[in-house]
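Reviewing the structure listed below.
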Amino acid sequence: MSAAPTPVERDALARARELALNGRGRVSPNPLVGAVVLSPRGRTVAEGWHEGPGEEHAEAMALRLAGDEARGATVVCTLEPCSHWGRTPPCANALIEAGVARVVVGALDPLERDRARGADVLRGAGIDVALASGDDERACRALNAPFLTHALLGRPHVTLKLAASLDGRVATSAGESRWITGEPARALVHRWRADHDAVMVGVNTAVTDDPLLTARGLDGPVRQPVRVVVDSRGRLPLESALVRGAGGATVVVATAQDAPAAAVAALQERGVRVVAAGAGRVDLPATLRILAEMGLQSVFVEGGGVLAGALLRAGVVDDLRWFAAPLVLGDDARPAVAGVGWPRLADAPRPSGATIEAVGDDALITGRLTPLPGEV
Ligand SMILES: NC(=O)c1ccc[n+]([C@@H]2O[C@H](COP(=O)([O-])OP(=O)(O)OC[C@H]3O[C@@H](n4cnc5c(N)ncnc54)[C@H](OP(=O)(O)O)[C@@H]3O)[C@@H](O)[C@H]2O)c1
Ligand SMILES: [Zn+2]
């Protein structure tokens, strides 16, 4: 039985989570991972993180930087070290060869279950392996909610963002919605697009606003998300900004299976990838499974209200990011969440651990609607 992580190791784990975020928006389909090498006296010897597919794993980077000081050291990592040959050699082997004495694991990797299991490989080599627990473990799992949701539930992690008035409206009765929130909120939305594998909207939004849905105005390298339009009958206009900017499978139109063949063919001819699920109307959970099969681990939904209502009703919204802007639109304006209702307060979606912060003149409320994968 290994001793539980010490206070110094728990601090190092918090630091490793920060390091992991260096790979934000770039690591998928791999997880975000950070690692810290501690000397036997608890001094930080080296740090590492994973930058993305084909790049060094966090543990490998930290071991390389630690050099000879890795011998007898403790390596603290946010995720169970891998035990398989991927594009890079297994980290479990590297840890054994480096002669580390102890490994602190923030969260187990569900994919390791089907393989040799990194933690067991390390133990088998006589390394002391300690697992984090409680809030430490939860924070490490939350870091990789998309990776874990994809691996355990077979669908992408879904984040719903809405920019609503104080009375919960996302567009005027005439369909005007630019702009409800201020510049700082909109800048943040571009950052969030880049953090996700895909951005999704309902077809009414695509028609009314003609958005590009790309991540713009950001510093540094940006990985553009795949853009998904939920559109049962394939009525996304061929002259829309999305279709004109399609190509390289960067735009996906999710239709019902009985969508008009001519509309589907016209979209495909212009480089749009069409996926189909559901009869008459798009089957949203099935569509999410198709997106997961395409390797997409996270979907950032930007409305409108009808799509938001349908996803909430289906219970597939994991995270909520709701901007409340200081203006009032009245009850003929479009609701942020449409076509659905919860007569009992107890049944209404209420995020847990909600936080509220000011972003410019807007209030941003964020919270989690589903349990973390692996949690009951
Ligand atoms: N402020 C904001 O944050 C914000 C964000 C986005 C949009 N907006 C505004 O919202 C308005 C459009 O929103 P909206 O609520 O009318 O429409 P929407 O959510 O953008 O699109 C809804 C449409 O998606 C299609 N769809 C296909 N399968 C579906 C399913 N299973 N469940 C639900 N929808 C499905 C349906 O059309 P088919 O039956 O043809 O498939 C449905 O009518 C625009 O005025 C836009 O400017 C505001
Ligand atoms: Zn590894």
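Side notes on the structure shown:
- The chain, helix-only ellipticity at 222 nm - DSSP H runs n ≥ 4, -39,500 (n - 2.57), divided by all residues, nearest 500: -8500 deg cm²/dmol
- Val103 long-range amide H proximity, modeled H, under 5 Å: Val75, Asp128, Val129, Ala130
- Using the Cα coordinates of the chain, the gyration tensor eigenvalues translate into equivalent-ellipsoid semi-axes of 41, 23, 18 Å, sorted from longest to shortest.
- Point-to-point label distance, Ala279-Glu357, nm (Cα→Cβ direction, 7 Å offset): 4.7 nm
- Mean Cα-pair separation over length for segment 208-296, i.e. relative contact order, pairs under 8 Å, 6 or more apart, %: 25 percent
- Legend: residues Leu63, Leu21, sorted from most to least accessible area (1.4 Å probe; ligands, DNA and RNA excluded), read Leu21, Leu63.
- Cα pair distances exceeding 18 angstrom across segment 7-143, given as percent: 46 percent
- Two-decimal Rg to Rh for segment 113-221 - Kirkwood Rh, Cα set: 1.15
The values are calculated or read from the model by the stated rules, or taken from the named source; none is laboratory data. Please read these numbers as outputs of a predicted model, since none were measured by experiment. Cβ atoms come from the backbone with ideal geometry, glycine included; neighbour counts cover every protein chain shown. All accessible areas refer to the heavy atoms of the entire protein, side chains included, with ligands and DNA or RNA removed. Shrake-Rupley method; radii C 1.70, N 1.55, O 1.52, S 1.80 Å.
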